[in-house]
Amino acid sequence: MTLEIRPLAEPLGAHVYGWEPGVPLDDEERASLVRALRRYSVLVLRGHRTPSDTELVSFAAGFGELIKGSEWFRDAGDLPEILPVTNAVGEDGIPLGTGGSGSLEWHADYSYSSRPAKESFLEALELPDDPPRTYFCSQYTALESLPADLADRLRGLRAYHSITEYVDPNDPRAKPEMRRLTSDFDAKRRRDEAAGIERPEIPEAEHPVVMRHPESGRELVYVSKGITRHILGMPREESNALLKELHQHATREEGVYAHAWEVGDLVMFDALGTMHRRDAWRSGGRRSMRQLSTLC
Ligand SMILES: [Fe+2]
């Protein structure tokens, strides 16, 4: 296959044409995608036929061991490596995936896991008439553009990552606007219990505030507004102020790429070195995505 990589005139991102689902990548093709990912952080594969679930899993597995995140979210199908991200609801009134049609705050995928995501793959199967954009920013650039003394200070810090407040209605931190998410998750938990299906609990994790990408060795800031709760050993107010400062710095508008989805787009992104967020969409029309991630 001939992969054509076209950089975007954006802070991040390149289009990739020529992917052939079902045809294994050879070493050079895989290496060219990894090189492009290091350089552009976000690759939009476009113009290919829709891969089957198996083809999508085998493509993503070429970059690392895959997370079975759908088990944590109680949405596992035949291939638990595929997490359905959708606002569609089943006949029993229970959502067919994670998501809803609300906005999603800046985050790094699975940062609440001791082995977080290295790359993520998000593919649009079906979009509403007013599809929400997904925004990406670089945590490498964020670190490199911080004052040197602040960056040095961050290198000695660790932070706590958790999303349990999104899934546990009894979590005292759960905010009223999360009630729909927590009640959806609760319905899935009760459904699984009734069917005798056991699922692992969603983990929580601590990570250094400055991490290195395990393959490139490049340093990045690893905190997000959506998932990082506090800096360990730091008074709460000071921790909140530092996290806010880092968040505002990383998400400055001039460093953000806003992806306008087309049906069929497969966006492969550096899940450690970028954060992403999603807009809400008003129509509530159906949006169905398949998401996969490799493990660090
Ligand atoms: Fe995500």
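About its Cα centre, the dipole of the range 71-130 is roughly 360 debye, where the only charges are +1 on Lys and Arg Cβ and -1 on Asp and Glu Cβ. Computed over the chain, relative contact order equals 34 percent, with contacts defined as Cα pairs under 8 Å that lie 6+ residues apart. Name the residue farthest towards the positive end of the dipole of the range 4-295 from the options Val256, Pro203, Leu25, assuming +1 on Cβ of Lys and Arg, -1 on Cβ of Asp and Glu, about the Cα centre. Going by the Cα projections, it comes out as Val256. Summarising the label geometry, the points placed 7 Å from Cα in the beta-carbon direction at Ser145 and Val263 lie 3.7 nm from one another. Once a ≥ b ≥ c are taken as the square roots of the eigenvalues of the Cα gyration tensor of the range 28-171, is the result rounded (a/c under 1.5), prolate (a/b larger than b/c) or oblate (a/b not larger than b/c)? Since a/c reaches 1.5 but b/c is at least a/b, the shape of the range 28-171 is classed as oblate.
Look at Leu295, Leu232 and count the other Cβ atoms within 10 Å of each Cβ; fewest to most, that gives Leu232, Leu295. Whole-Hz Karplus values for the range 151-156 come out as 4, 4, 5, 4, 4, x Hz, taken residue by residue from phi with 6.51 cos²θ - 1.76 cosθ + 1.60 and θ = phi - 60°; glycine and proline positions read x.
3J(HN,Hα) couplings calculated from phi for the range 100-108 with the Karplus curve 6.51 cos²θ - 1.76 cosθ + 1.60 (θ = phi - 60°) are, in sequence order, x, 10, x, 6, 10, 6, 3, 7, 10 Hz; Gly and Pro show x. Rounded to the nearest Hz, the phi-derived 3J(HN,Hα) couplings of the range 23-40 under the Karplus curve 6.51 cos²θ - 1.76 cosθ + 1.60 (θ = phi - 60°) are 9, x, 6, 7, 4, 5, 5, 5, 4, 5, 5, 5, 4, 5, 5, 4, 7, 10, where x marks glycine and proline.
Kindly state, to the nearest 0.05, the FRET efficiency for Glu254 paired with Arg173, given R0 = 25 Å and r defined as their beta-carbon distance. Let's see the in-between values first.
Working: r = 32 Å, r/R0 = 1.30.
E between Glu254 and Arg173, to the nearest 0.05, is 0.15.
Once the other residues with Cβ under 11 Å from the Cβ of His276 are scored (Lys, Arg +1; Asp, Glu -1), what is the net sum? Present the calculation step by step, with values, prior to reporting the outcome.
Numbers: positive: Arg133, Arg277, Arg278; negative: Glu105, Asp109, Asp270.
Net charge around His276: 0.
Straight-distance candidates among the aspartates and glutamates for linking to Lys175, with alpha-carbon spacing under 20 Å and chain neighbours fewer than 8 residues away dropped: Glu105, Glu165, Asp184, Asp186, Glu204, Glu237, Asp279. For Glu126, the residues whose amide H sits under 5 Å from its own are Ser288, ignoring neighbours fewer than 5 places away on the same chain, with H placed 1.01 Å from N.
Summary of packing: across the peptides 233-246, 45-58, 262-275, the per-residue average of other C-beta atoms within 10 Å ranks them, highest first, as 262-275, 45-58, 233-246.
Could you work out the relative contact order of the range 20-141, using alpha carbon pairs under 8 angstrom and six or more residues apart, expressed as a whole percent? Dividing the mean separation by the residue count of the range 20-141 yields 15 percent. Rounded to the nearest 20 debye, the dipole magnitude of the chain is 640 debye, with +1 charges on Lys and Arg beta carbons, -1 on Asp and Glu beta carbons, and the Cα centre as origin. Per-residue Cβ neighbour counts within 10 Å put Met178, Met289 in the sequence Met178, Met289, beginning with the fewest. Largest mean-square fluctuation among Ile227, Ile94, Ile82, in a Gaussian network model of the chain whose springs join Cα atoms under 10 Å apart, belongs to Ile94. Here the Gaussian network model covers the chain, with springs between Cα atoms less than 10 Å apart; of Ala195, Ala280, Ala61, Ala195 fluctuates the most. Please find, in a Gaussian network model of the chain (springs between Cα atoms separated by less than 10 Å), the residue of Glu91, Glu119, Glu219 whose mean-square fluctuation is greatest. Between Glu91, Glu119, Glu219, it is Glu91 that shows the largest mean-square fluctuation.
Readers should treat all values here as calculations from the given coordinates under stated rules, not as data from a laboratory. These numbers were taken from a predicted model, which means no experiment stands behind them. Cβ: placed from backbone, ideal geometry, glycine included. Neighbour counts: every protein chain shown.
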